[in-house]
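Below is one structure, written out as structure tokens; the observations come after it.
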Amino acid sequence: QVQFVESGGGLVQPGGSLRLSCAASGFSFSTAAMSWYRQAPGKERELVAGISAPGLLRNYADSMKGRLTISRDNAKNMVYLQMNSLKPEDTAVYYCNRVPALSWGQGTQVTVSS
């Protein structure tokens, strides 16, 4: 069955960094484009970053461009999101998923606060 297990979130001060990880299983990971999404309280889920199956193409949301790096390890079925210069408005639950999306995992909470 399809499963996404996100980890690496936590409480960080403004300007800080976090590296999120996502373990994926239940589908052909190495042939799937992957994305990270986030959902802040009271807001819709939004796309923040995407990466092609071989990892050569990446795209980022304008709101976070320059502060994110998405990467993947196809040998381990893992996708990562390095987030730098975090702002309070980045506070949200972060999820990974295939493109197109399958069932959702639990996500990992990122809280940016002093």
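The values are calculated or read from the model by the stated rules, or taken from the named source; none is laboratory data. As the structure is a prediction and not an experimental result, all values here were calculated from the model. Neighbour counts run over all protein chains shown; Cβ positions are idealised from the backbone, glycine included. Calculation scope for accessible area: heavy atoms of the full protein, side chains included, ligands and nucleic acids excluded. Shrake-Rupley method; radii C 1.70, N 1.55, O 1.52, S 1.80 Å.
Below is a table of values for the structure above.
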read-out	value
Per residue solvent-accessible surface (Å²) - the chain, probe of 1.4 Å	51
Accessible surface of the chain, 1.4 Å probe, proportion on carbon and sulfur as whole %	49
Kirkwood hydrodynamic radius over Cα pairs of segment 52-95, then Stokes diffusion coefficient at 20 °C and 1.002 mPa s, in µm²/s	182
Semi-axis lengths, Å, segment 13-106, gyration tensor of Cα atoms, sqrt of 5 times eigenvalues	22, 15, 11
Sparse-neighbourhood loop sites, GluC sites (Glu not before Pro) in segment 16-95 - DSSP loop, at most 11 other Cβ within 10 angstrom	Glu44
Partner aspartates and glutamates for Lys87 [C-alpha distance under 15 Å; skip if fewer than 8 residues away on the same chain]	Asp62
Relative contact order [Cα under 8 Å, 6+ residues apart], the chain, whole percent	37
Per DSSP, loop chymotrypsin sites (Phe, Trp or Tyr not before Pro) in segment 1-52 with at most 15 further Cβ within 10 Å	Phe27
Amide proton proximity set for Gly16, modelled H, under 5 Å, gap of 5+	Leu86
Cα centroid separation, segment 53-81 to segment 6-24 (Å)	14
